[in-house]
Every structure is written in structure tokens, then in C-alpha cells.
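The values are calculated or read from the model by the stated rules, or taken from the named source; none is laboratory data. These figures come from a predicted structure and were not determined experimentally. Every residue, glycine among them, receives a Cβ derived from its backbone with ideal geometry; neighbour counts consider all protein chains shown. When the accessible area is computed, the model is the full protein with side chains, heavy atoms only, and any ligands, DNA or RNA have been set aside. Shrake-Rupley method; radii C 1.70, N 1.55, O 1.52, S 1.80 Å.
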Amino acid sequence: MGMLLAAKGMKSHQFTYIQNSMFLVKLAETFDKRYGEIVKWWIYSNEPMTEKFANEVLEIAKGREKQEEGLSILIKHSDVKGYLEPEECEKVYASIKNMHIPKENDTENRGFDYMLDCWRYMTKYCSENKQRLEYK
């Protein structure tokens, strides 16, 4: 069981919930190490974001607000059900199009590069073709 990403006219992609959570933390760490720590706490604690952490995120993102906005859309979205509108896909794509998730060692390969490529491809397609990207 896991999350399925689907858009009309495209091949669907499926990831486990755990794999997706780990991917989002890695993506956040690529943006900023402290940002990644905050996202990791938020995802795994199952608690609402505190004002202190929210303010720290704003401080970290200074000068990179547009990139953080797209990442935030992706990170905060439920991985169970729902969709991203084409406008949201455009923001997510703009945020991740030039990102690369570095491997911590030669044996680390949890499919993060593949997942990032899927997100890039699907958000770009949905943005350009005015399609919703569905989470099923």
C-alpha cells in the first residue's frame, strides 16, 4: 500500500508512504540542513507545526521564498488523498527543477533520484497541460 500519483494521459507512479516521507526529508535537507531537521520533526512527530519552527522556516527561506513556497506545497500536502492544481504544480516544479539529492555514501540508493525525476516530470506536465496531479 502506498501513494499513487496520477494525471490524465500520463503513466502513474507509486511510492510507499515511508519512502515518500524519507524523500521529502531528503529534499528539505537539500534546500537547507536545518530546514530538513524541522521537516523531519514535523513529519514524524505527528504534531502541528509550532510558531517557533514556522518562524525559523521563514528565516531560513529569506531570499529563497519562492523556492520554499513550492517545497512547502509538496511537503505539507497529504500523501493519502487529494490533488495539486496546475498552479501548485508550476510552483513545485520551479522549486525542484534544479535540485539534486546528494548520496551520503556509495551504497545509498533508496530511489530518491527516481522519485525526484517523477515529481519533476509530473509537475511540469500538469503545469503545462493544465491538469490536476492526483494523489490516490
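Against the numbered list (1) open to solvent by less than 50 Å² (accessible area, probe 1.4 Å); (2) touching a strand residue (DSSP E or B) at 6+ places or on another chain (Cβ under 9 Å); (3) charged (D, E, K, R), residue 68 comes up short only at (2). Per the listing 86, 48, 102, the residue uniquely out of contact with any Leu (no Cβ under 9 Å at 6 or more places or on another chain) and in contact (Cβ under 8 Å) with a residue 12 or more places away in the chain is 102.
Of the set (1) touching a residue at least 24 places away in the same chain (Cβ under 8 Å); (2) open to solvent by 20 Å² or more (accessible area, probe 1.4 Å); (3) not in a loop (DSSP other than H, G, I, E, B), all apply to residue 131 but (3). Note on segment 1-63: enclosed helices (runs of 4 or more DSSP H) holding 1 or more residues that are open to solvent by 10 Å² or more (accessible area, probe 1.4 Å), of a type outside the set (Phe, Trp, Tyr) and closer than 24 Å to residue 81 by Cα are 17-31, 33-45. Just give me the residues in segment 64-74 being in a helix (DSSP H, G or I) and modelled with pLDDT under 85, in sequence order. 65, 66 - these are the residues of segment 64-74 that are in a helix (DSSP H, G or I) and modelled with pLDDT under 85.
Hey, can you tell me all the residues within segment 76-97 that are modelled with pLDDT of 85 or more and either assigned to a helix (DSSP H, G or I) or closer than 15 Å to residue 25 by Cβ (or both)? Spell out the reasoning first.
So in segment 76-97, the residues modelled with pLDDT of 85 or more come out as 82-97.
Result: 86, 87, 88, 89, 90, 91, 92, 93, 94, 95, 96.
Condition check for residue 98 on (1) of a type outside the set (Phe, Trp, Tyr); (2) within 17 Å of residue 124 (Cβ to Cβ); (3) surrounded by 12 or more Cβ atoms within 10 Å (Cβ to Cβ); (4) under 15 Å from the mean Cα position of the chain (by Cα): one failure, at (3).
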